[in-house]
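Each remark here refers to the structure printed beneath this line.
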Amino acid sequence: FTGDFHAITAAHNLCSAALDARMLHESMQDDTKLFDALCPPDKKGQRRFSPTMLRRLKKLGIDKTDPNALTPEERSRFARLDIDPNGVTWRRVIDVNDRFLREIMVGLGKEEQGHEHRSGYDITVASEIMAILALTTSLRDMRERLGAMVVATDKKGNAVTAEDLGVAGALVVLMKDAIKPNLMQTLEGTPAFVHAGPFANIAHGQSSIIADKIALKLVGPQGYVITESGFGADIGMEKFFDIKCRYSGLIPQVVVLVATVRALKMHGGGPKVVAGKPLAPEYTEENLELLRKGLPNMEKHIQNALKFGVNVVVAVNSFKDDKPAEVEMICKAALAAGAMDAVVCMH
């Protein structure tokens, strides 16, 4: 697509590299050398602060824009992040299921001796940059969000951000194309945007706000947009309302709650389903009693959705082994629980 996963991986790991390099240089250089490296004089002997440096000065409460006007104490505060090695919270990411990279030691090279420390790799979708991509509304907004990411704490317990590291602008450059949603098409020929993939059990787990807004613009006032809220109604729907809707200002007109006979039988205490193994007869034969025991799960999700003041329609995804009486039981229970409608989906 637009390479959003690759861009996030590159941006995240750039931040990791800058963080470790900064800790290394601060341990080897005095304040004067650090300041000269960050703000070197040009050919005419003039120094100037970049916009990101001015942001850091403002954060420190230093109301000066001329590098030469800083006192030695102010130069030290500006140049030295003084990161606590045990306070680093920014690891690395990779989009490969490589379990042996979950915990690693870094800094084992000859020139990095004495600076070894633990790190590790998470999956790319678990990066905070992925969450930001899905919630951002523009490049300018993304620039602010990336700069505010906390990557470590200093030895006094203060937060150290990507802005403090001076890499926020570089991260935006790497992400400038990834902000564009990918236009695809479903098997039915319907246009579909595929964009971002924040890991729902640690982030909000939604498609991007930008994709939703472009879709709404394209369909016009008479059209409709379906946006997925992943990881189930008990986590994805809650995070959709509590996080994404608050940032976007968009309020849905209906919740489409997907249910299946099989899943509700599992909630009713049916046998464990194992991938690759045949389904137990409880799932392929009519078993209304088992299904009835699982219905409270769906009913509770309907009640939760209604608390947000949004109408609910239940979509019963039907499989070849589902029996008419079972599907009918689900539809009746959904309507009794407060759903506007319950529709059997045979796609």
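The values are calculated or read from the model by the stated rules, or taken from the named source; none is laboratory data. Small disclaimer: the values here were computed from a predicted structure and weren't measured. Positions of Cβ are backbone-derived with ideal geometry, glycine not excepted, and every protein chain shown enters the neighbour counts. All accessible areas refer to the heavy atoms of the entire protein, side chains included, with ligands and DNA or RNA removed. Shrake-Rupley method; radii C 1.70, N 1.55, O 1.52, S 1.80 Å.
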| When only residues in the stretch 254-265 that are open to solvent by less than 30 Å² (accessible area, probe 1.4 Å) and part of a helix (DSSP H, G or I) count, which is nearest to A325 (Cα to Cα)? | V261
| Pick from the stretch 15-64 the residues that are more than 17 Å from D154 (Cα to Cα) and of a type in the set (S, T, N, Q): which of them is farthest from the chain's Cα centre (by Cα)? | Q46
| Across the stretch 296-347, what is the total count of residues that are under 27 Å from the mean Cα position of the chain (by Cα), β-branched (V, I, T) and in a helix (DSSP H, G or I)? | 1
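For (1) open to solvent by 30 Å² or more (accessible area, probe 1.4 Å); (2) in contact (Cβ under 8 Å) with a residue 60 or more places away in the chain; (3) of a type in the set (G, A, S); (4) outside the structural domain of L171 (by the TED database), each residue gets a yes or a no:
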| site | (1), (2), (3), (4) |
| --- | --- |
| T9 | no, yes, no, no |
| A37 | yes, no, yes, no |
| R48 | yes, no, no, no |
| L60 | yes, no, no, no |
| A69 | yes, no, yes, no |
| said: Among the numbered criteria (1) loosely packed, with under 14 Cβ neighbours inside 10 Å; (2) at pLDDT below 95; (3) out of contact with any helix residue (DSSP H, G or I) (no Cβ under 7 Å at 6 or more places or on another chain); (4) of a type outside the set (K, R), which one does I251 miss? | reply: (3)
| task | Could you please find all residues in the stretch 332-347 being open to solvent by less than 60 Å² (accessible area, probe 1.4 Å) and within 16 Å of Q303 (Cβ to Cβ)? | result | A333, A334, A337, G338, A339, A342
| remark: Scanning the stretch 11-26 residue by residue, those within 12 Å of A79 (Cα to Cα) and open to solvent by less than 70 Å² (accessible area, probe 1.4 Å) turn out to be R22, M23, E26
| message | Being within 17 Å of V343 (Cβ to Cβ) and in contact with a helix residue (DSSP H, G or I) (Cβ under 6 Å, 6 or more places away or on another chain) is the requirement here; does H267 meet it? | response | no
| request: Being in a helix (DSSP H, G or I) and more than 24 Å from K332 (Cβ to Cβ) is the filter here, so list the residues in the stretch 272-295 that pass it. | output: P281
| Inside the stretch 106-133, can you point out the residues that are more than 13 Å from the chain's Cα centre (by Cα) and under 22 Å from V160 (Cβ atoms)? | V106, G107, E112, G114, H115, E116, H117, R118, S119, G120, Y121
| request: Count, please, the residues in the stretch 71-86 that happen to be in contact with a strand residue (DSSP E or B) (Cβ under 6 Å, 6 or more places away or on another chain) and surrounded by 19 or more Cβ atoms within 10 Å (Cβ to Cβ). | output: 2
| query | For residues in the stretch 307-331 being without any contact (Cβ under 8 Å) to a residue 12 or more places away in the chain and over 22 Å from D234 (Cα atoms), which is surrounded by the fewest Cβ atoms within 10 Å (Cβ to Cβ)? | reply | K320
| Selection status of D154, more than 30 Å from E26 (Cβ to Cβ), assigned by the TED database to the domain that holds P51 and acidic (D, E) | no
| task | Kindly establish whether T89 is open to solvent by 70 Å² or more (accessible area, probe 1.4 Å), in contact (Cβ under 8 Å) with a residue 12 or more places away in the chain and more than 21 Å from the chain's Cα centre (by Cα). | result | no
| query | Within the group G268, G205, G220, G236, which residue is in contact with a Gly (Cβ under 6 Å, 6 or more places away or on another chain), open to solvent by less than 60 Å² (accessible area, probe 1.4 Å), at pLDDT 95 or above and small (G, A, S)? | reply | G268
| task | Determine which single condition K213 fails, assuming it passes every other condition in (1) in contact (Cβ under 8 Å) with a residue 60 or more places away in the chain; (2) in contact with a strand residue (DSSP E or B) (Cβ under 8 Å, 6 or more places away or on another chain); (3) under 29 Å from T9 (Cα atoms). | result | (2)
